[in-house]
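See below for the structure under consideration.
The values are calculated or read from the model by the stated rules, or taken from the named source; none is laboratory data. Model, not experiment: these values are computed from the prediction. Reconstructed Cβ throughout: ideal geometry from the backbone, glycine too, with neighbour counts over all protein chains shown. With ligands, DNA and RNA removed, areas are computed over all heavy atoms of the protein, side chains included. Shrake-Rupley method; radii C 1.70, N 1.55, O 1.52, S 1.80 Å.
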Amino acid sequence: QVQLVESGGGLVQAGGSLRLSCAASGRTISSYAMGWFRQAPGKEREFVSAWSGGSTYYADSVKGRFTISRDNAKNTVYLQMNSLKPEDTAVYYCAADLRRTTTGWRVLSDYWGQGTLVTVSS
């Protein structure tokens, strides 16, 4: 199994940037499709981005603003978030072992980080 530890959340003004980090241990990140989800207050958890099969994927709401990347030497996945909007406010979760289905992305093995809070003020 893999353990995931997130960092990088915080408070930022609209238009600003943050970089989230997800440090993995137990297994190398190359063993899994990796990704990010978020959950805003009162809303269901939603897919944000994934790195799978050598390709990157993004929700329409973040496309062009967010970038997922990975550093295999550091066994870490990143989410660079630019041009942040108040509607990006959420708890962001790193996840491992993602699968794309006809209804969206699933975390097959239920490997999640603890979450990190991102708050974007107007």
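Structure above, values below:
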quantity	calculated
Rg [Å, one decimal], Dmax [Å, integer] - the chain, C-alpha atoms	13.4, 40
For Lys85, distant residues with modelled amide H under 5 Å away	Gly15
Test item: Cα-centred dipole of the chain, Lys/Arg +1 and Asp/Glu -1 on Cβ, debye	180
Sparse-neighbour loop sites [trypsin sites (Lys or Arg not before Pro); segment 41-71; at most 12 other C-beta within 10 Å; DSSP]	Lys43, Lys63
Built amide H within the under 5 Å cut-off of Phe66, gap 5+	Asn82
Theoretical FRET efficiency, 1/(1+(r/R0)^6), r = Cβ-Cβ of Ser122 and Val5, R0 22 Å, to 0.05	0.15
Euclidean distance of C-alpha centroids, segment 1-25 and segment 31-72, integer Å	12
Solvent-accessible area per residue for segment 18-68 (1.4 angstrom probe, square angstrom)	50
